[in-house]
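Each remark here refers to the structure printed beneath this line.
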């Protein structure tokens with residue numbers, strides 16, 4: 001059984017806050033962000049719910065390594081990664097149907 005892992009970056013409405021994470025279910029994870037299922041979390045406090053970048057990995061180890069790499073980048077380099085995949089910073093999960 002193959003399971004994919006996702007590294008993603010999400011932001012708030014104005015694009016001033018970035019969060020990077022790893023998940024094995026990107027759609028569920030974005031639903032959690034949008035519905036603030038953890039009200040005291042960083043993402044809930046700063047309204048981080050817009051998916052602006054993601055990449056799929058075949059193993060958890062590869063995804064975690066990528067996440068750690070991204071977290072070590074400057075904001076400018078993270079912005080450049082996002083702009084390469086999503087120049088207008090659209091919410092890539094906006095059209096998804098949830099549960």
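Summary table below
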| read-out | value |
| --- | --- |
| Length-normalised contact order for the chain - Cα pairs under 8 Å, 6+ apart - percent | 34 percent |
| Region 51-99 - Debye-derived log10 I(q)/I(0), Cα point model, q = 0.14, 0.19, 0.23, 0.26 Å⁻¹ | -0.44, -0.75, -0.95, -1.03 |
| At R0 = 25 Å, FRET efficiency that the Cβ-Cβ distance of residue 12 and residue 74 yields, to 0.05 | 0.85 |
| For region 1-51, the spread of Cα positions along each principal axis, largest first, Å | 38, 19, 13 |
| Entry for Rg and Dmax of the Cα atoms in Å (calculated from the structure that is shown) out of (1) 15.7, 60; (2) 12.9, 42; (3) 12.9, 39 | (3) |
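Each value in this text was obtained by applying a stated rule to the coordinates, not by laboratory testing. Since the model is a prediction, treat every value here as computed from it, not as a measurement. Using ideal geometry, Cβ is built from the backbone for each residue, glycine included, and neighbour counts are taken over all protein chains shown.
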